[in-house]
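Right, one structure below, let's go through it.
The values are calculated or read from the model by the stated rules, or taken from the named source; none is laboratory data. Computed from a predicted model, the values in this text were never measured in an experiment. A quick note on method: Cβ atoms are made from the backbone with ideal geometry, for glycine too, and the neighbour counts reach across all protein chains shown.
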Amino acid sequence: MIPEFSIIFAALALGIVLAALLEKRFSYYIGIAATAIVLVVVLLIVAYEYAFGASVMAQTYAYIPQFGVHVSFIATPISAVLLTMTAIVLFAAALSSGRDGTSKGATVLMLLFGLAAIGLFSSSNLILFFIFWDVGVVATFFMISYMGSANRRSAALKFLVYSLGASAALLLGIILIYFGTPVHSFNIAYIISHGSLMPIGIQESIFVLLFVAFMIKMPIFPLHSWMADAYTESSTQGSMLISGVLSKFGAYGMLLLFLMMPIASKYSAYILALAAISAFYAVLVAINQSDMKRLISYISMLDMSIILVGIASITVIGREGSIYGMLAHGLGIALLFLVAGSIEGMFGSRSIKFIRGVVEGSASTAYSFMLGIFSITGVPLTVGFIADLLIFIGAFSAFGLYGLIPLGAILLAGGLLYLIVSRSIVNGRNGAEAPYLPTAAQKAGYAVLLLFIFAFGMLPFILLKIIG
């Protein structure tokens, strides 16, 4: 068996070392090469699972044998989708950064973040999950503080405070899981199959701790206040990775929580209500934003709230919708942040008030923004349509008409975004002259993300066969 994960981790680790040691002019190409290898290997894993319906596992090495903890990685049906999303966004971020805009530190942090994400989504036990969770926190903190804009330090500090709280809750929950299982174990598959045997009191304590940790990382109202600053103050590539991939640390964890703790079904109606409140809150705050990146940040929060609706439905189709929703959100929101970075370069501002006639300066940027909105709002033929369809079928099955309430938030967000398109993106009247045009690297990033947005939208059976 080919050690697929060994190739992935070796490519990322080698890329980190080379980017740190070699001259700056090589950083861009190192980032592209390492992330391209990751993307190719992940797509081969998906092709293997599609053809044979079997999980791909790397070689296993003892780590803390006294507690049955081994270093082993597996591409389950759920993680295969998230690995695909991570590899695509990581490659698009590396590709779009451009030869002149990539520093050694930026490449190192990008690849370190990619290593954390791949490791977390493929971890076979909760100790590895926690280690990669914290590696992701460290990489993200430095991406914000090192690669960010004017207020990056305060944004990074706020992110770190929230993340430390989430990590503490997560670690305590993992310890309780270990002692609560009949045969003490950190193995995720074992916990999922034996979670119902835990005492009810322990299940409830674990559920509260992990739910809070994953709420912070998604993020969900009211534990979201780090999000807007972190997404906004990061560089373009930082925003793509933090919003597109880091938020799935929480969403993936939330999905695992519902699979591991059967008691979660007891609170599903309350979680639906929380998700609906979070969705409407996000879109109402977005309406008042004039900063384009800040607006997209709250649209991202809206989409994560919709993913929580699918998870809370506790139905097979709702769960499949939430997994596909993570893919859709990762690709769509990364595209919107990439376009926002290009628009900021064109006009020297992120203020929607000063952005006019983008289509005249760069038609590819304008239309990429519109297509990204199509995916985020679930227009047919995009990956977002498949995700929303499955999520709300599952929600309706579980909650009846109440499950469709969050649809109203998507409709409001769609109206807001299409208004921005008509006023700022395609409106050429009194348009400011754009002294800067998007580079070929940025346009290549658009193309990569759009390719997969429509490929998985028009050919959903590829991944749905694996999930199902």
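Is it the case, given these coordinates, that Ser278 is at pLDDT 95 or above, part of a helix (DSSP H, G or I) and not aromatic (Phe, Trp, Tyr)?
Considered against the rule, which asks whether it is at pLDDT 95 or above, part of a helix (DSSP H, G or I) and not aromatic (Phe, Trp, Tyr), Ser278 comes out as yes.
Among the numbered criteria (1) buried (at least 23 other Cβ atoms within 10 Å of the Cβ); (2) under 17 Å from Leu171 (Cα atoms); (3) small (Gly, Ala, Ser), which one does Ala282 miss?
With respect to (1) buried (at least 23 other Cβ atoms within 10 Å of the Cβ); (2) under 17 Å from Leu171 (Cα atoms); (3) small (Gly, Ala, Ser), Ala282 is out only on (2).
Here's the yes/no breakdown for (1) among the aliphatic types (A, V, I, L, M); (2) at pLDDT below 90; (3) touching an Asp or Glu at 6+ places or on another chain (Cβ under 6 Å); (4) at negative phi:
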site	(1), (2), (3), (4)
Ile2	yes, yes, no, yes
Leu12	yes, no, no, yes
Glu49	no, yes, no, yes
Tyr63	no, yes, no, yes
Val71	yes, yes, no, yes
Ala94	yes, no, no, yes
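Taking Ser368 as the residue in question, decide whether it is within 25 Å of the chain's Cα centre (by Cα) and assigned to a helix (DSSP H, G or I).
yes
Could you tell me whether Gly173 is out of contact with any Lys or Arg (no Cβ under 6 Å at 6 or more places or on another chain), farther than 20 Å from Val69 by Cβ, modelled with pLDDT of 90 or more and outside any loop (DSSP other than H, G, I, E, B)? First the steps, then the outcome.
Working: out of contact with any Lys or Arg (no Cβ under 6 Å at 6 or more places or on another chain): yes; farther than 20 Å from Val69 by Cβ: no; modelled with pLDDT of 90 or more: yes; outside any loop (DSSP other than H, G, I, E, B): yes.
Judged against the criteria, Gly173 is not a match.
List the number of the failed condition for Phe374; all other conditions in (1) part of a helix (DSSP H, G or I); (2) over 16 Å from Ser149 (Cα atoms); (3) touching a residue at least 40 places away in the same chain (Cβ under 8 Å) hold.
Failed condition: (3).
Quick one: in the stretch 123-151, which of the residues that are assigned to a helix (DSSP H, G or I) and hydroxyl-bearing (Ser, Thr, Tyr) is nearest to the chain's Cα centre (by Cα)?
Only one residue fits best here, namely Thr140.
Can you tell me which residue among Met240, Met227, Met261, Met254 is in contact (Cβ under 8 Å) with a residue 12 or more places away in the chain, hydrophobic (A, V, I, L, M, F, W, C) and in contact with a Pro (Cβ under 9 Å, 6 or more places away or on another chain)?
Just one listed residue meets the conditions, Met227.
Out of the residues in the stretch 345-358 that are assigned to a helix (DSSP H, G or I) and touching a Ser or Thr at 6+ places or on another chain (Cβ under 8 Å), state the one that is surrounded by the most Cβ atoms within 10 Å (Cβ to Cβ).
Val358
Could you identify the single residue in Lys248, Lys266 that is crowded, with 21+ Cβ neighbours inside 10 Å and outside any loop (DSSP other than H, G, I, E, B)?
Answer to the selection: Lys248.
Would you pick out the residues in the stretch 452-465 that are surrounded by fewer than 21 Cβ atoms within 10 Å (Cβ to Cβ) and either over 23 Å from Glu320 (Cβ atoms) or in contact with a Gly (Cβ under 9 Å, 6 or more places away or on another chain) (or both)?
The answer is Lys465, and nothing else.
If I filter the stretch 84-126 down to residues being touching a helix residue (DSSP H, G or I) at 6+ places or on another chain (Cβ under 7 Å) and either among the charged types (D, E, K, R) or without any contact (Cβ under 8 Å) to a residue 12 or more places away in the chain (or both), which single residue comes out as surrounded by the fewest Cβ atoms within 10 Å (Cβ to Cβ)?
Quick first cut of the stretch 84-126, residues touching a helix residue (DSSP H, G or I) at 6+ places or on another chain (Cβ under 7 Å) only: 84-99, 102-126.
This time we only want the ones that are either among the charged types (D, E, K, R) or without any contact (Cβ under 8 Å) to a residue 12 or more places away in the chain (or both), so: 99, 104.
Values: Arg99: 15, Lys104: 18.
Across the stretch 84-126, the extreme among qualifying residues is Arg99.
Which of (1) in contact (Cβ under 8 Å) with a residue 60 or more places away in the chain; (2) buried (at least 18 other Cβ atoms within 10 Å of the Cβ); (3) in a helix (DSSP H, G or I) does Pro438 not meet, given it meets every other one?
Checking Pro438 against (1) in contact (Cβ under 8 Å) with a residue 60 or more places away in the chain; (2) buried (at least 18 other Cβ atoms within 10 Å of the Cβ); (3) in a helix (DSSP H, G or I), the one that fails is (3).
For the stretch 397-426, which residues satisfy the criterion of being of a type in the set (S, T, N, Q) and either under 24 Å from the mean Cα position of the chain (by Cα) or modelled with pLDDT under 90 (or both)?
Selection gives Ser422, Ser424.
Look at the stretch 92-114 and say how many of its residues are over 14 Å from the mean Cα position of the chain (by Cα) and either part of a helix (DSSP H, G or I) or closer than 15 Å to Val138 by Cβ (or both).
12
Of the residues Ile299, Ile271, only one is touching a Leu at 6+ places or on another chain (Cβ under 8 Å), under 27 Å from Val421 (Cβ atoms) and either part of a helix (DSSP H, G or I) or in contact (Cβ under 8 Å) with a residue 60 or more places away in the chain (or both); which? Step through it out loud before you land on a result.
Values: Ile271 fails: under 27 Å from Val421 (Cβ atoms).
So the residue among Ile299, Ile271 that is touching a Leu at 6+ places or on another chain (Cβ under 8 Å), under 27 Å from Val421 (Cβ atoms) and either part of a helix (DSSP H, G or I) or in contact (Cβ under 8 Å) with a residue 60 or more places away in the chain (or both) is Ile299.
Yes or no, residue by residue, for (1) of a type in the set (Lys, Arg); (2) under 18 Å from Ser305 (Cβ atoms); (3) surrounded by 21 or more Cβ atoms within 10 Å (Cβ to Cβ):
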| site | (1), (2), (3) |
| --- | --- |
| Thr365 | no, no, yes |
| Ser375 | no, yes, yes |
| Ile391 | no, yes, yes |
| Ser397 | no, no, no |
| Gly400 | no, no, no |
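Out of Ala166, Ala156, I need the residue that is within 20 Å of the chain's Cα centre (by Cα), hydrophobic (A, V, I, L, M, F, W, C), in a helix (DSSP H, G or I) and over 11 Å from Glu233 (Cβ atoms). Which one?
Exactly one of Ala166, Ala156 is within 20 Å of the chain's Cα centre (by Cα), hydrophobic (A, V, I, L, M, F, W, C), in a helix (DSSP H, G or I) and over 11 Å from Glu233 (Cβ atoms), namely Ala166.
Return the residues of the stretch 52-70 that are closer than 22 Å to Val42 by Cβ, of a type outside the set (S, T, N, Q) and not in a strand (DSSP E or B); say none if nothing qualifies.
If the condition is that a residue be closer than 22 Å to Val42 by Cβ, of a type outside the set (S, T, N, Q) and not in a strand (DSSP E or B), then Phe52, Gly53, Ala54, Ala58 are the ones that fit.
I want to confirm something. Restricting to the stretch 175-224 and keeping residues that are more than 23 Å from Thr76 (Cβ to Cβ) and in contact (Cβ under 8 Å) with a residue 60 or more places away in the chain, which single residue is surrounded by the fewest Cβ atoms within 10 Å (Cβ to Cβ)?
Taking the candidates together, the pick is Ile200.
Being out of contact with any Cys (no Cβ under 6 Å at 6 or more places or on another chain), part of a loop (DSSP other than H, G, I, E, B) and either over 14 Å from Glu320 (Cα atoms) or among the aliphatic types (A, V, I, L, M) (or both), is that true of even one residue in the stretch 383-404?
Within the stretch 383-404, none of the residues are out of contact with any Cys (no Cβ under 6 Å at 6 or more places or on another chain), part of a loop (DSSP other than H, G, I, E, B) and either over 14 Å from Glu320 (Cα atoms) or among the aliphatic types (A, V, I, L, M) (or both).
Restricting to the stretch 133-146, count the residues that are crowded, with 21+ Cβ neighbours inside 10 Å and of a type outside the set (Val, Ile, Thr).
Qualifying residue count for the region: 4.
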